[in-house]
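The structure under discussion appears below in the form of structure tokens.
None of the figures in this text is laboratory data; all of them are computed from the coordinates on show. Computed from a predicted structure; not experimentally measured. Cβ: placed from backbone, ideal geometry, glycine included. Neighbour counts: every protein chain shown.
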Amino acid sequence: MNDSVAIDAKRILLRYGAPITVLDKIDDAERIRLAREVSRTTLADRQKALRQMLTEAGYISSEG
């Protein structure tokens, strides 16, 4: 896996609100998958979509 792709994926996820402490626990392949999913949503919905994906995957709680 190309390191620059993994770095770009992490930047995308950080841009749309993923906590860095959460991202540090997610492997590169999963980060890339999440970033691809986020990029397929409309710009206005990306932050909400990312939060929902992270919640559904169990990385964050729905409470906060």
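Observations
- Note on T41/S61: beta-carbon distance plugged into 1/(1 + (r/R0)^6) with R0 of 25 Å gives a FRET efficiency of 0.70.
- Segments 21-30, 48-57 sorted - mean Cβ within 10 Å per residue, highest first: 48-57, 21-30
- Correct choice for Cα extents along the principal axes in Å that was computed from the model, options (1) 34, 25, 16; (2) 25, 24, 21; (3) 30, 24, 21: (1)
- Each helix, a run of at least 4 DSSP H residues, gives -39500 (n - 2.57); summed and divided by the residues of the chain, these come to -18500 deg cm²/dmol at 222 nm.
- Listed residues R40, R31, R11, most fluctuating in the chain (Gaussian network, C-alpha, under 10 Å): R40
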